[in-house]
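The values are calculated or read from the model by the stated rules, or taken from the named source; none is laboratory data. Treat the numbers as computed from the prediction; the structure is a model and nothing was measured. Using ideal geometry, Cβ is built from the backbone for each residue, glycine included, and neighbour counts are taken over all protein chains shown. All accessible areas refer to the heavy atoms of the entire protein, side chains included, with ligands and DNA or RNA removed. Shrake-Rupley method; radii C 1.70, N 1.55, O 1.52, S 1.80 Å.
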Amino acid sequence: MIQDLYTNGNSKFILNSYQPISQDSPRHISYWIEGNVSIEELKSDIIRSFPEKKIVFYTKLNRMERSLLKPFRDFLLEHKSSWMDWDWVKEYKYELQTLFPSSNDEDRPDIFSVSWGWSEVRLNREIHWGFRLVHFVSRIISKLAEIQPVSILIEDLQNSDRISIYCIHHLAYNLKVQNLTFILNVKGYYSLNYKLDNGKGITKLLNNLKAKIDPVIINGSDLVIQETKTYCASDDSLEDNVNTFIHSLKSSEVEYNEVLEKLHSSLHLFNLENVLLLGDIILNNLNRFTLEQQKRLSYEVWRHIGIAQVFMDDYNNAIQSFIKMKEYTESVGEKVKACHLIATIYGKRLNNIDGAKEYIQKGMNIAQNSDDFRTLYEKGWLYNYVAYVSYSLEKDFDKALNYVNQAVEFLKPFKNYTPDSKIMDEIGNPISAERLLGNLTANISYLYFYKGDYQQALEAWKSLEKDIVDAPEVFKKEYFYFEGNLFLHLGMYSQAEESLKKSYIICEKYNDIFHQEIVSRKLGYTHFLMGKYEVSMTYYKNSFQLKELSGKAITNKDYQSLVLCLLLSGDIKSANKKVEELKGFISQEFVDFYEDSKSLFNNANKFLEEGPVILLEPFPMMNL
């Protein structure tokens, strides 16, 4: 239950409510201060009043100079001498290069080269690079808190980027890190009277965070405090400084292409509020550009705003933005694209099948008399989505397969039309014939799989092998994972083990613990079916460790899988002990079956954790 503590905003009153954490009484607690208060003064009071050794960190955020994970990067920089020499930190070379870029090694790969971001065609915000950065930062802070208590004070959290908010959620809710105190100050969002950047999205997110972490709530005063200068590294690729850009735009010192690049980079970094702010500014300053550029900027602004609004769960406004996007283009292909995006919102986010069908049909009507590449490309994605609707919602396999095959046929002549596109980089290279054809072929395999025709599914999947030869190794983990799953359903256990191990090794090589955990579950399941119960238990235990490390929930099937491995490997004593320990964590149905080992053996698969069909699960810290 959320606690309420009312004060007049004076730091001494807040200090009286602050309960310092000591290593003798480890716990986690958060304070949520609403309104104005001198957080910097509070930090000084805490240090002076509680002189015992602890880490106390303060930062103030500036909305016009957003920087990805700024409060946590500043924290790590300030205390780098405490963690930089830890051996395991070196395993996170991609995260280190991204958060603290080395000016002496410009070619060193960053996190974006080994993971993916949001998807425009799927309107999917499962950002892998975001998880990796949050996990890395959280792991260091967790380890520091094991050594000495940590207090993190953040002023003006309403000015934060979203990845930082996910990091707080991960530390305080998913991991529940002991010896860690958050003191978070949230003021009203200053909207500057803009229509798009009105603060509703970030306010909703912060309210969700507050409900999740269950903080002590403190009411601050109405005292106006002078703003202090904030830190941003000059060579920081994660900086999203819109202040300088806005001044330059208003004074006509920004070129057309620079406007598009800034808009895109803000969305790329998931600074959704900045996308809305830039949208407001650009639309209010269109007269600085030619008529042709004005129209194109309007199209791009509403496209980016629509995507940002989808990621903010503001679906109705996103639909209106995509309708406006459609109005500002003469391109048939781009009009089809707008229809596809709207149909995707209706079908995948609002569960409104009639709305999805309406815009699917509108897109088809627009595209019917055009045969240029761009129109056929967008039509191909539309057909791909029709297949999704036909099978997942209507359960019509033949209709779904027909649409996918049609798309493959009319796109085949364009297979090499975009030879320079990077097939795995959807954000940087959004138009790729090779990517779409690969996606369609993969969906043919998925359709056969869900129909139960695993041999046909395997043949379709194998046809992708030649297309991924030149793909970065890190992305091949998904190919080998599903291949292993297909072998598994065909009863070809040795081949399944071989493919899954390839996927596992790639995850391990790139320190991708999130997907390594998923593959570990699947390998545990595979070895169980092979009768190798001790090997199976090793993988299931590994899955447990990786889940705890990454903040994933441990399910009753996870526990049941360990018990089954113990039981069928002959360690009945340990199995019985484990069942007693886990009552309340495992299902009552499993406990009932356990009392009759023969009945349990015949139904073992029912209680096992086998992992997902494809290498995809939601990231826990982004479920806010």
**Message:** Once the convex hull of the alpha carbons of region 349-429 is built, what does its volume come to per residue, in cubic angstrom?
**Reply:** 113
**Item:** For region 465-624, with +1 on Lys and Arg beta carbons and -1 on Asp and Glu, the positive-most of Thr555, Tyr479, Phe601 along the dipole
**Value:** Phe601
**Fill in**
Given the candidates Phe373, Asn405, His489, the one whose Cα lies deepest towards the positive end of the charge dipole of the chain, counting +1 at each Lys or Arg C-beta and -1 at each Asp or Glu C-beta, is His489
**Request:** Report, by chain and number, residues whose modeled amide H sits under 5 Å from the one on Ile33, excluding near sequence neighbours (fewer than 5 apart, same chain).
**Result:** Leu184, Asn185, Val186, Ile218
**Prompt:** According to the Cα gyration tensor, what semi-axes, each the square root of 5 times an eigenvalue, does the equivalent ellipsoid of region 28-80 have, listed from largest to smallest in whole Å?
**Reply:** 21, 17, 10
**Message:** What figure, in Å² to the nearest 10, do you get for the accessible area of Glu253 with a 1.4 Å probe and non-protein molecules left out?
**Reply:** 130
**Message:** Based on C-alpha coordinates, I'd like the Rg and Dmax of region 75-219, in Å.
**Reply:** 17.0, 50
**Item:** About the Cα centre, charge dipole magnitude for the chain (Lys/Arg +1, Asp/Glu -1 at Cβ), debye
**Value:** 800
**Radius of gyration and maximum dimension Dmax of region 46-116, Cα, Å** = 15.3, 47
**Asked** Alpha carbon centre of region 267-328 versus region 103-153: separation in Å?
**Response** 27
**Long-range amide H partners of Asn124 with built H, under 5 Å** = Ser119
**Request:** With no solvent and one equal point scatterer per Cα, compute the Debye intensity ratio I(q)/I(0) for region 248-362 at 0.14, 0.16 Å⁻¹ and report its log10, rounded to two decimals.
**Result:** -0.57, -0.73
**From phi via Karplus (6.51, -1.76, 1.60), per-residue ³J(HN,Hα) for region 541-550 in Hz, x at Gly/Pro** = 5, 4, 4, 4, 4, 5, 5, 5, 5, 9
**Request:** Return the carbon/sulfur percentage of the accessible area of the chain, one whole number, probe 1.4 Å, all protein chains in place.
**Result:** 48
**Request:** Give the whole-number value, in cubic angstrom per residue, of the convex hull volume spanned by the C-alpha atoms of region 506-624.
**Result:** 114
**Message:** So, R0 is 51 Å and r is the distance between the beta-carbons of Ala553 and Leu291; what FRET efficiency does that work out to, to 0.05?
**Reply:** 0.40
**Prompt:** Taking only the alpha-carbon atoms of region 302-374, what semi-axes of the equivalent ellipsoid follow from 5 times the gyration tensor eigenvalues under a square root, in whole Å, largest first?
**Reply:** 21, 15, 8
**Item:** Per-selection Rg to Rh, region 438-526 - Cα, Kirkwood hydrodynamic radius
**Value:** 0.96
**Size of charge dipole - region 255-343 - debye, nearest 20, with Cβ of Lys, Arg +1 and Asp, Glu -1, no other charges** = 240
**Extension reserve of the Ser119-Glu409 stretch, reckoned as 0.36 nm per residue once the Cα distance is removed** = 102.0 nm
**Item:** All-pairs Cα distance distribution in the chain, expressed in whole percent, bin size 10 Å
**Value:** 3, 14, 22, 25, 20, 11, 4, 0
**Asked** Which ³J(HN,Hα) values in Hz, rounded to whole numbers, follow from the phi angles of region 315-320 under the Karplus curve 6.51 cos²θ - 1.76 cosθ + 1.60, where θ = phi - 60° and Gly and Pro get x?
**Response** 5, 5, 5, 4, 4, 5
**Request:** Once you have the Cα-Cα distance between Met492 and Phe373, take 0.36 nm times their residue separation minus that, and quote the gain in nm to one decimal.
**Result:** 38.7 nm
**Prompt:** In whole Å, what is the distance between the alpha-carbon centres of region 506-544 and region 560-624?
**Reply:** 15
**Prompt:** Rounded to the nearest 0.05, what FRET efficiency do Asn316 and Gln148 have when you use their Cβ-Cβ distance and R0 = 45 Å?
**Reply:** 0.40
**Message:** Under 25 °C and 0.890 mPa s, how fast does region 278-437 diffuse according to Stokes-Einstein, given a Kirkwood radius computed over C-alpha pairs? Answer in µm²/s, whole number.
**Reply:** 148
**Message:** Using the Cα atoms of region 348-391, I'd like the radius of gyration and the largest Cα-Cα distance, Dmax, both in angstrom.
**Reply:** 11.0, 32
**Request:** Round to a whole angstrom and tell me the spacing of the C-alpha centers of region 383-421 and region 191-210.
**Result:** 38
**Request:** Please give the FRET efficiency for Lys577 paired with Met64, using the beta carbon to beta carbon distance and R0 = 51 Å, rounded to the nearest 0.05.
**Result:** 0.30
**Semi-axis lengths, Å, region 368-513, gyration tensor of Cα atoms, sqrt of 5 times eigenvalues** = 27, 21, 12
**Complete:** Once phi for every residue in region 152-161 is put through the Karplus expression 6.51 cos²θ - 1.76 cosθ + 1.60 (θ = phi - 60°), the whole-Hz ³J(HN,Hα) values, with Gly and Pro written as x, are 10, 10, 10, 9, 6, 5, 5, 9, 6, 7
**Inter-label distance, nm, simple model (7 Å from Cα along the C-beta direction), Asp396/Ile505** = 4.5
**Complete:** Expected unfolding gain across Trp86-Leu350 under the 0.36 nm per residue rule, minus the alpha-carbon gap, is 90.4 nm
**Prompt:** Averaged over all directions, how much area does the convex hull of the C-alpha atoms of region 400-444 cover when projected, in nm²?
**Reply:** 3.0
**Prompt:** Label 7 Å along Cα→Cβ of Ala604; region 529-544 residues with amide nitrogen under 15 Å?
**Reply:** 529-540
**Request:** State the volume of the convex hull built on the alpha-carbon positions of region 483-575, expressed per residue in Å³ and rounded to an integer.
**Result:** 85
**Prompt:** Taking the highest mean first, how do the peptides 448-460, 263-275 order by number of other beta carbon atoms within 10 angstrom per residue?
**Reply:** 263-275, 448-460
**Request:** Tell me what the chain gives for mean residue ellipticity at 222 nm when only DSSP H runs of n ≥ 4 count, each as -39,500 (n - 2.57), the sum divided by the residue total, rounded to 500 deg cm²/dmol.
**Result:** -17000 deg cm²/dmol
**Request:** Could you tell me which of Leu260, Asn285, Leu272 has its Cα farthest along the dipole of region 242-302 towards the positive end, charges placed at Cβ (Lys, Arg +1; Asp, Glu -1), taken about the Cα centre?
**Result:** Asn285
